[in-house]
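The values are calculated or read from the model by the stated rules, or taken from the named source; none is laboratory data. Since we're looking at a predicted model, the values are computed, not measured. For neighbour counting, all protein chains shown are included, and Cβ atoms are generated from backbone atoms with ideal geometry for every residue, glycine included.
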Amino acid sequence: MIAAFESRGGLAWPGLLLVALFALPWFKGGASVAMVEGLDGKVWLFPLVGIAAALAALALTARDWRAHPLAAALVGTGLVWLLLQGFGIGLRGPTLPGFGVLFPSAVEGQRGFGLGAWVAGIALIGALAEVLAARGFCRGERFAAFAVVGIVAALSLFVFFPILKLVSAAFIARDGTVSLVPFLTRITAPDLWSTGCLTGGRRCGVVINSMVLGVLAGVLATALGLALALLVARTDFRMKRLLRVLSILPIITPPFVVGVAIIVLFGRTGLITAEVAQAFGIRPTRWVYGLPGILMAQVLAFTPVAFLVILSALEAINPTLEEASTTLGARPVTTFRTVTWPLLRPALAAAFLLTFIESLADFGNPIVLGGSYDVLSTKIFFAVVGAQYDLGQAAALSVVLLSLTVAAFFLQQRWVGRASYVTVTGKSDAGLTAPVPPVVKWAAVAAVVPFVLFTFGVYLIVLIGGFVTDIGRMDLSPTARHLWTAFSFEITERGLQLFGSAWNSMITTLWVSALSAPLTMGIGILTAWLIARQDFAGKRAFEFGTLLSFAIPGTVVGVSYIAAFNVPPVDITGTLWILVICFVFRNMPVGMRAGIAALAQIDRSMEEASQTMGAGGGRVLRDVVLPLIKPAIFTALVYAFVTAMTAVSAVIFLVSARHNMATAYIMGRVENGEYALAIAYSTVLMLVMIACVALMNWAVGRRKLGRRSSMAAE
Amino acid sequence: MTGPAIEFRRVVKRYGSATAVGGIDLTIAKGELVTFLGPSGCGKTTSLRLIAGLELPSEGQVLIAGRDVSRDPASARNVGMVFQSYALFPHMSVLDNVAYGPVIRGQKRAEAQAKAREILDLVGLGGLHDRLPAELSGGQQQRVAVARAIVQQPDVILFDEPLSNVDAKLRRKVREEIRALQRRFGLTAVYVTHDQEEALAVSDRIVVMDKGRIAQIGTPADLYERPANPFIANFIGDANLISGQVAGGIFTAPGLSLPLAGPDGAATLSVRPERIALVPGGDGRVAGSSYLGSRREYEVETAAGEMLVSRPITEPAFGIGDAVSLNYDPAALIRVA
């Protein structure tokens, strides 16, 4: 594809535009091309037809149409008009006032973009990139210019437009009027900000609840992450491998399943609750529902994030610094306190803020374990899905949630940016890392042991829960009943028949994951390459935009997609594509990060060498960059696949009867109290994913900095 | 083809508000080896990258073989480049590295490889076709890089500090190999270095750059013997700069009076350290001395300031504190300001 792009290049886009207007059905669900639709009364399509014809004529006659001054005007006008008419005339007539006057026939309205309109948009974007490249954008590299313009367009449409649409919904009152009043009313409501629980017995507002939960989860996860990281990196603790495996588990654990396990253990009729109640003669309560339960589940889930952040910082500390301290006569405790600890502080801050963001964005655990403890993400969900559909309320809550996560995200970026003590340099930094002092080590062990036991308990429930009659009542007789309910099938003369209730969602999930993973990886790596290697006007804003999409919670994405994509011109709600697109743009930053990190290790003069030998941007990417960053590509691919299988917060809004996802199905089972079925299904999901992660571990291996291990040397 | 191989017309390159190259005019003849020389940050590497197409000029034009390429990306130009780090593709064999360019430019794989073999034989790497770059020595990698750059008979071959990763002992040899290849193929070459000795040894002409502008262009002998200004005098080799006055054909500075033709007024003279002789006795005092093997260098305090003097080892040595007088060779006095 890249090669075709390079060779035919310039003429392809005007040609594609003609195809879009004269050969493809213009509207969604329609059959007629733009020309015919125009004759049928949709006269606002004629300007596009005219522009396409003019551009084609220019491309055929001018020596180089891309440099022609008229080309810029045609392409620009074409894009603007495509969007204006699309957004200006909705399903039931004009939505922008001018259109009704200009085109009386617009009262009949128009449907959303179909294949023709989409292809026309892509062709115009391609042509715009050509025009810009001819004017020196991206050093004249056409492929890079196309990538930049294309990604900016995609991010605008699938990240920023929905968010803007959602934010604007917060300003619209129930009767449809637009003003500041509904926004201010919604955003200052007492059920957001009430601090009743701190002062008296009453309940707190959701914002306060979310913040309390976020801070507690952040602190606990960071502390545990630090303890784990110290044990793994700096001691001869025997269970290191085990800890590493343990840290991967939450990544592949579907949501709800931890929540369910906690209910099975600590619920009112829970195993541990019952034991304790009997032993001490206390009446069992529903204490675990609410803050304690959510906190338990979140700490279990987010500690690995903190662990990985802190571990990489710990491994990046130049051992010579600690050696210097030791040679100056410092005891181990002093070295730890005066050298190691200050060097770790930025990583601790980063770990805290990241887990804080994750906690705020988390939806799966609060929905299962929250009880009456409302947090922002669940409140948003119920505002849209609950008894009364109230998009304005959901929007206002989303604005608050988004502000919190974005603020935390930028704080984290600044902190890491300003105070990171990068001690990995190109120079040799051979030396032995200092083992932690015994006091610190035993404190870490004391913190980690309960965590490990708890994790074991939870995963033991998960492991056996799906395959015994009733885990909740300790009826441990083995059965395949739950599995069969979900995945029963028959082989008849008409072939394989799938009866199980879960097949539909399982197949959709596999499709969506398999479709979105390569796209996610591709866009992520391409973006990384643009940021790391290309210079173009507006690069800083581009970087800022891609970074920002890190910080948008899944719940907010889900609501924003509902707000933006259930009306023309982009009405894709209820399709498989909305799920795929949602995953691509949510997970793309991870591929991007992996790509940027990998590219930082590669001397860019190799790419320049390829260029001077005649390779265009796409060829450079294929011949030189991609082969050298294979591990990052693989990581991004597997991550994208796994996340698409376990994500819930955004998809819960986007699934439909026809395209249901595994996680949404599991949530339904949990709500019905069918815990065993939920667990059985989760186990199957995990088995699929474990295969992937095993592949990833095998292919990528552990990060090595080429240092001798002090433990091995002892 | 007649006319210059490369031409810069009022070329400016800015990065944001910083100006890396500030309006350069330059022509390079076919078959010439021209070196861009200057301290770091002078714009020499940027100028080289402007020829390669790895940067596009903010203003002005770059012409290669008479064609304006100012808006052409690197891939659309016919240049070969040898990078400081060699930039060999680590995942391709030596043969594939060298055949890469011809393949990209549309040749059949077999043809491209035949051509690559030919060039590899020429640079003396005949037996190493299947090795990966990591399996070669530094010197061998360098030759692969050169072979890769010349295989397509480029309009110009560009060297970006090609010797900085070569062992000090090998530098002279590699430098001579590069020069021999360039002469043999009649290649136009542009060479960037910050090492003035390397520049003097390898170049037909040297372009000395300072703060994004050309300070002086000339043959190595021009620059060394007739520096145009104090910056050049100081940058190319060592120089003693003496400030004084010229009146009626006589240059005077404290404790110093020398014949010098030219207009009256304030003047700065440049004198090379090896063009000053030392005689025992006088009002100069030896303040320091270094033994350099083939020569001895003295720092001598005089009324006109501290002078650097370099004498062959065959002459009798002076000790620190000795009183000496300085004899200036009148033919070696260059007025630089």
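A few points about this structure:
Residue-by-condition table, conditions (1) closer than 19 Å to A:Val624 by Cα; (2) at pLDDT below 90; (3) within 11 Å of chain A (Cβ to nearest Cβ); (4) surrounded by 21 or more Cβ atoms within 10 Å (Cβ to Cβ):
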position	(1), (2), (3), (4)
B:Asn78	no, no, yes, no
B:Val82	yes, no, yes, yes
B:Asp96	yes, no, yes, no
B:Glu111	no, no, no, no
B:Asp130	yes, no, no, no
B:Arg143	no, no, no, yes
B:Arg148	yes, no, yes, yes
B:Ile157	no, no, yes, yes
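- Filter result for the condition that a residue is among the aromatic types (Phe, Trp, Tyr) and within 16 Å of A:Gly150 (Cα to Cα), over A:Phe585, A:Phe550, A:Phe499: A:Phe585
- Complete set of residues in region A:614-627 that are more than 7 Å from every other protein chain (Cβ to nearest Cβ) and of a type in the set (A, V, I, L, M): A:Val620, A:Leu621, A:Val625, A:Leu626
- Selection of region A:63-92 for residues being closer than 30 Å to A:Val107 by Cβ and assigned to a loop (DSSP other than H, G, I, E, B) yields A:Leu91, A:Arg92.
- Verdict on A:Arg337 being assigned by TED's automatic domain parsing to the domain that holds A:Val232, charged (D, E, K, R) and not in a helix (DSSP H, G or I): no
- Boolean, A:Leu599 is modelled with pLDDT of 85 or more, within 9 Å of chain B (Cβ to nearest Cβ) and closer than 30 Å to A:Val309 by Cα: no
- Only one of the listed residues (A:Val557, A:Val584) is in contact with a Cys (Cβ under 9 Å, 6 or more places away or on another chain) and modelled with pLDDT of 90 or more. That residue is A:Val557.
- So A:Tyr681, is it hydroxyl-bearing (Ser, Thr, Tyr), farther than 30 Å from B:Arg49 by Cα and not assigned by TED's automatic domain parsing to the domain that holds A:Ile262: no
- Leading residue by the ranking (modelled with the highest pLDDT) among those in region A:230-284 that are outside any helix (DSSP H, G or I) and closer than 22 Å to A:Ala446 by Cβ: A:Thr235
- Matching residues, region B:224-241, being assigned to a loop (DSSP other than H, G, I, E, B), farther than 9 Å from B:Arg272 by Cβ and aliphatic (A, V, I, L, M): B:Ala228, B:Ile236
- Considering (1) in a loop (DSSP other than H, G, I, E, B); (2) within 14 Å of chain A (Cβ to nearest Cβ); (3) surrounded by fewer than 16 Cβ atoms within 10 Å (Cβ to Cβ), the lone condition that B:Ala134 does not fulfil carries the number (1).
- Region A:412-468, subset surrounded by fewer than 18 Cβ atoms within 10 Å (Cβ to Cβ) and charged (D, E, K, R), residue modelled with the lowest pLDDT: A:Lys427
- Every residue from region A:93-136 that is assigned to a strand (DSSP E or B) and either among the aromatic types (Phe, Trp, Tyr) or within 14 Å of another protein chain (Cβ to nearest Cβ) (or both): A:Phe113
- As a summary of the residue check, B:Ile214 satisfies the conditions (1) in the same structural domain as B:Ile28 (by TED's automatic domain parsing); (2) surrounded by fewer than 16 Cβ atoms within 10 Å (Cβ to Cβ); (3) outside any helix (DSSP H, G or I) except for the one numbered (2).
- Residue in region B:304-337 that is surrounded by the fewest Cβ atoms within 10 Å (Cβ to Cβ), counting only those that are of a type in the set (Asp, Glu) and touching a strand residue (DSSP E or B) at 6+ places or on another chain (Cβ under 6 Å): B:Glu306
- For region B:67-75, the criterion of being away from chain A (no Cβ under 14 Å) and of a type in the set (Asp, Glu) is satisfied by no residue at all.
- Filter pass, B:Ala267 being exposed (fewer than 14 other Cβ atoms within 10 Å of the Cβ), in contact with a Ser or Thr (Cβ under 9 Å, 6 or more places away or on another chain) and either assigned to a strand (DSSP E or B) or at pLDDT 90 or above (or both): no
- Single residue of A:Thr303, A:Thr335, A:Thr269, A:Thr327 found to be of a type in the set (Ser, Thr, Tyr), free of Cβ contacts under 8 Å to residues at least 40 places away in the same chain and either under 30 Å from A:Val439 (Cβ atoms) or surrounded by fewer than 16 Cβ atoms within 10 Å (Cβ to Cβ) (or both): A:Thr327
- Scanning region A:30-44 for residues that are assigned to a loop (DSSP other than H, G, I, E, B) and not charged (D, E, K, R), we see that the one that is surrounded by the most Cβ atoms within 10 Å (Cβ to Cβ) is A:Val33.
- Helices (runs of 4 or more DSSP H) wholly inside region A:628-677 containing at least 1 residues that are among the polar types (S, T, N, Q) and away from every other protein chain (no Cβ under 14 Å): A:630-646, A:662-671
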